[in-house]
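The structure appears right after this line, and notes come after that.
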Amino acid sequence: MIAKPIYVLNGPNLNLLGEREPHIYGHTTLADIEASCGRTEAARKHGIIFRQSNHEGQLVDWIHEARREADAIVINAGGLTHTSIVIHDALKSFSGPVIELHVTNVHRREAFRHHSYISFAATAVICGLGPEGYGIAVNAAAMLAARMS
């Protein structure tokens, strides 16, 4: 069986990583994270489709695309994590593993960040590992996809 890519989807404001609130999110940019994901073992086996949008509907469209094209999804939905039932519903339609990812430990932050609609659709959640969490999430997604095949 030929491995399909792992989709790494990023939501609103993640294009500002490295600039926005560096005391919380650090100085690593989204481009730096994309490059590090490309160096993972999972990327060598599956390939990575790495995308970011500030628009909820675009994320939903990519999740729908992933239903045909991807073995797994890693998603950092940003603030939409706490508000988007439509992203939750789209993820529920995906048959492969879904890893919910956050750069920070959302449970040590404001109370509104403790609730996630994404978690209800996720196979696993990774949070608080900083930008390095992306590579861990991509490799975990590949491992889970292999178990499901």
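Before moving on, here are some points about what is shown:
- Flag for Ile73 being modelled with pLDDT under 95 and not polar (S, T, N, Q): no
- Test: residue in the stretch 82-99 that is at positive phi and modelled with pLDDT of 95 or more: no
- Residue count for the stretch 45-99 under the criterion of being assigned to a helix (DSSP H, G or I) and crowded, with 16+ Cβ neighbours inside 10 Å: the result is 15.
- Residues satisfying the stated conditions in the stretch 1-57, i.e. closer than 27 Å to Arg108 by Cβ, of a type in the set (A, V, I, L, M, F, W, C) and in contact (Cβ under 8 Å) with a residue 60 or more places away in the chain: Val8, Leu9, Leu14, Leu17, Ile24, Ile33, Cys37
- Exclusive hit being touching a residue at least 60 places away in the same chain (Cβ under 8 Å) and more than 12 Å from the chain's Cα centre (by Cα), set Ala142, Ala137, Ala90, Ala111: Ala142
- From the options Ala141, Ala121, residue that is buried (at least 23 other Cβ atoms within 10 Å of the Cβ), of a type in the set (A, V, I, L, M) and either assigned to a helix (DSSP H, G or I) or at negative phi (or both): Ala141
- Residue within the stretch 21-38 that is surrounded by fewer than 13 Cβ atoms within 10 Å (Cβ to Cβ), among the charged types (D, E, K, R) and modelled with pLDDT of 95 or more present: no
- Hits in the stretch 108-128 (condition: of a type outside the set (Val, Ile, Thr), closer than 26 Å to Ala31 by Cα and in contact with a helix residue (DSSP H, G or I) (Cβ under 6 Å, 6 or more places away or on another chain)): Arg113, Ser116, Cys127
The values are calculated or read from the model by the stated rules, or taken from the named source; none is laboratory data. Everything quoted here is computed from the prediction, not taken from an experiment. All Cβ positions, even for glycine, are placed from backbone atoms using ideal geometry, and neighbour counts span all protein chains on display.
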